[in-house]
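Right, one structure below, let's go through it.
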Amino acid sequence: MDRLVRAFPLTRRSAIEAARSSDAAERARGLQTVAAAYWRPVYSYLRLHWRKPHDEAADLAQEFFAELIDKELLARFDPAQARLRTWLRICIDGLVANDTRAARRQKRGGGAPAFDFDSIRGDVEALQTLASPEVAFEREWARAVFALALQRLQERCKHEGKDRYYALLDAYDLGDRPSYAVLAERFGIAVTDVTNRLAWARRELRTTVVEVLRELTASDAELREEMGALLEPS
């Protein structure tokens, strides 16, 4: 695992560090990355652990990210004490414990991005009888990390003229897994090209996942833990 960590250079500054920056643009970038990775887990935790109905959970989740900005909560995060997502759950618990509806109505917004909680309501409600709140939180975190990595890989492929590499990954690994022969015919390439391009796309996706994890961790030790949780076979 140590060799794997060293194999991937830090191509972007940690979002945790960026969120603590004195530069407004850097803070905004860092908070945007953290929010993109955690808005689904935060909402699911409020629904499943705290048993909040949809509208109240959406309000609380929105308020939580507003507080990350207004109160600069990430400045208090100590990676020596806990992983980021463990610490964020503690912050959520504190928010709920001190919540009043009147205060929430006044604080709603706060410069935080608006999230489409309605779009994930059904997915989270389906987990109510299938997973514990903590497991659901971890699943949504993993899904968000991969979604960010896939978005970046797709953008990179488009920029480098490798749209079809991503299209193959989407059709096979993310789709209904047709045979390589079917993909070769569909894309007008040889089966060996399908094999090679899929291998490249998978390798670059893993690299990009590690890049996202680097942004969402504050130390190499935490990075190794998160890589083990997400990338190592269980």
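The values are calculated or read from the model by the stated rules, or taken from the named source; none is laboratory data. Being a predicted model, the structure only gives us computed values, none of them experimental. Cβ atoms come from the backbone with ideal geometry, glycine included; neighbour counts cover every protein chain shown.
Does Gly161 qualify as being farther than 23 Å from Arg139 by Cα, small (Gly, Ala, Ser), without any contact (Cβ under 8 Å) to a residue 12 or more places away in the chain and outside any helix (DSSP H, G or I)?
Judged against the criteria, Gly161 is a match.
Looking at Arg164, Arg177, Arg186, Arg203, which is the one that is basic (Lys, Arg), exposed (fewer than 13 other Cβ atoms within 10 Å of the Cβ) and over 22 Å from the mean Cα position of the chain (by Cα)?
Criteria check complete, one pass: Arg177.
Do we have Ala147 as under 16 Å from the mean Cα position of the chain (by Cα), surrounded by fewer than 17 Cβ atoms within 10 Å (Cβ to Cβ) and in a helix (DSSP H, G or I) here?
Yes: the conditions hold for Ala147.
Can you work out which of the residues in the range 76-90 that are assigned to a helix (DSSP H, G or I) and of a type in the set (A, V, I, L, M) is farthest from the chain's Cα centre (by Cα)?
Within the range 76-90, the match that is farthest from the chain's Cα centre (by Cα) is Ile90.
Looking for whichever is without any contact (Cβ under 8 Å) to a residue 40 or more places away in the chain and of a type outside the set (Ser, Thr, Tyr) here; the options are Glu26, Glu67. Which one fits?
It is Glu26.
Please enumerate the residues belonging to the range 99-144 that are more than 17 Å from Ala36 (Cβ to Cβ), modelled with pLDDT of 85 or more and not in a helix (DSSP H, G or I).
Within the range 99-144, Ser132 is the sole residue that qualifies.
Hey, any hits in the range 208-221 for a residue that's assigned to a helix (DSSP H, G or I) and polar (S, T, N, Q)?
Within the range 208-221 (the criterion being assigned to a helix (DSSP H, G or I) and polar (S, T, N, Q)), the answer is yes, since at least one residue qualifies.
Please enumerate the residues belonging to the range 44-75 that are within 21 Å of the chain's Cα centre (by Cα) and among the charged types (D, E, K, R).
Hits for the range 44-75 are Arg47, Asp59, Glu63, Glu67, Glu72.
Which condition number does Arg186 fail, the rest of (1) assigned to a helix (DSSP H, G or I); (2) within 30 Å of Ala61 (Cβ to Cβ); (3) of a type outside the set (S, T, N, Q) being met?
Every condition holds for Arg186 apart from (2).
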